[in-house]
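I have placed the structure first, in the form of structure tokens, so that the comments after it can refer back to it.
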Amino acid sequence: QSALTQPASVSGSPGQSITISCTGTSSDVGGHDYVSWYQQHPGKAPKLMIFDVSNRPSGVSNRFSGSKSGNTASLTISGLQAEDEADYYCSSYTGTSTVVFGGGTKLTVL
Amino acid sequence: EVQLVQSGAEVKKPGESLRISCKGSGYSFISYWISWVRQMPGKGLEWIGRVDPSDSYTNYSPSFQGHVTISADKSISTAYLQWNSLKASDTAIYFCARRQAAGTFQYWGQGTLVTVSS
């Protein structure tokens, strides 16, 4: 059960859009619509931003959106703000009642 | 308000045993699985396993199977993560999280720092 593959870092200027990819296999990302995305600020617990590929929990800004194509899921953040600077993790259900996370992506707002 | 409150930081020696806890409140504890997640210093999140508090059924990541034990006591709305013999490589922050749907964790504990050092 290997970790999902994410870019180590991405960056963007305020107001711009960025996309973070999350690549797995047909056993996890590609096989189920149960991909989630989490935001983690330093020293804090992760926060759920997207679930079931593209759904936002109540209270999460609509600047955050998710999608999936084949074995790759994506998180897009539009209208970047300084407060978006954080680590982002994807996760996927694997179909055997287990979960796998991505390696994490550090987002820098320039 | 849903809350998961974890036990405090621990400092242990290699070979010692440890059990950390996660107490749920503000919801029906037996209705939602609890997972444990490891974050080693400066590293990413790793799913360890989960427990169904209604019947104590557990699942583990192959990477952690046999090294830790997850359990729950529904009478006191508390889940546990336990080691029988700690290693220095177990040094990490451990989070508990409540399953909202398949693979989705909406509520998280504050984290418990476990330091294993001789």
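The values are calculated or read from the model by the stated rules, or taken from the named source; none is laboratory data. As the structure is a prediction and not an experimental result, all values here were calculated from the model. Quick reminder, even Gly has a Cβ in these numbers, built from the backbone with ideal geometry, and neighbours come from all protein chains shown.
If you check A:Ser69 against the conditions, is it out of contact with any Pro (no Cβ under 8 Å at 6 or more places or on another chain), of a type in the set (S, T, N, Q) and surrounded by fewer than 16 Cβ atoms within 10 Å (Cβ to Cβ)?
On the way: out of contact with any Pro (no Cβ under 8 Å at 6 or more places or on another chain): yes; of a type in the set (S, T, N, Q): yes; surrounded by fewer than 16 Cβ atoms within 10 Å (Cβ to Cβ): yes.
Taking the combined requirement at face value, the residue satisfies it.
For region B:76-106, how many residues meet the condition of being over 12 Å from the mean Cα position of the chain (by Cα), at the interface with chain A (Cβ under 9 Å from one of its Cβ atoms) and within 22 Å of B:Pro41 (Cα to Cα)?
1
From the set of residues in region A:11-34 that are in contact with a Ser or Thr (Cβ under 6 Å, 6 or more places away or on another chain) and closer than 14 Å to A:Thr76 by Cα, which is surrounded by the most Cβ atoms within 10 Å (Cβ to Cβ)?
Only one residue tops the list, namely A:Ile20.
Tally time: how many residues in region A:72-110 are within 12 Å of A:Val10 (Cα to Cα) and within 12 Å of chain B (Cβ to nearest Cβ)?
The number of residues fulfilling the criteria is 5.
Can you tell me which residues in region A:51-66 are more than 14 Å from chain B (Cβ to nearest Cβ) and closer than 21 Å to A:Ser9 by Cβ?
A:Arg63, A:Phe64, A:Ser65
Taking the options B:Gly42, B:Gly24, B:Gly49, name whichever one is among the small types (Gly, Ala, Ser), within 10 Å of another protein chain (Cβ to nearest Cβ) and within 23 Å of A:Gly43 (Cα to Cα).
Residue meeting the stated conditions: B:Gly49.
For the subset of region A:4-44 comprising residues that are free of Cβ contacts under 8 Å to residues at least 40 places away in the same chain and out of contact with any Asp or Glu (no Cβ under 9 Å at 6 or more places or on another chain), which member is nearest to A:Ser65 (Cα to Cα)?
In this case the residue turns out to be A:Lys44.
Looking at region A:75-89, is at least one residue exposed (fewer than 14 other Cβ atoms within 10 Å of the Cβ) and either closer than 18 Å to B:Val37 by Cα or at pLDDT below 95 (or both)?
no
Is it the case, given these coordinates, that A:Ser27 is more than 21 Å from A:Ser9 (Cβ to Cβ), more than 10 Å from chain B (Cβ to nearest Cβ), touching a Lys or Arg at 6+ places or on another chain (Cβ under 9 Å) and not acidic (Asp, Glu)?
When the stated conditions are applied, A:Ser27 does not pass them.
Evaluate region A:5-13: report whether one residue or more is more than 12 Å from chain B (Cβ to nearest Cβ), within 19 Å of B:Met40 (Cβ to Cβ) and over 10 Å from the mean Cα position of the chain (by Cα).
First pass over region A:5-13, keeping only residues more than 12 Å from chain B (Cβ to nearest Cβ): A:7, A:9-13.
After this cut, where a residue has to be within 19 Å of B:Met40 (Cβ to Cβ) as well, the list is A:9.
Narrowing the set further to residues that are over 10 Å from the mean Cα position of the chain (by Cα) leaves A:9.
Among the residues of region A:5-13, at least one is more than 12 Å from chain B (Cβ to nearest Cβ), within 19 Å of B:Met40 (Cβ to Cβ) and over 10 Å from the mean Cα position of the chain (by Cα), which makes the answer yes.
Of the residues that make up region B:18-30, is at least one touching a residue at least 40 places away in the same chain (Cβ under 8 Å) and farther than 25 Å from A:Tyr38 by Cα?
Within region B:18-30, one or more residues are touching a residue at least 40 places away in the same chain (Cβ under 8 Å) and farther than 25 Å from A:Tyr38 by Cα.
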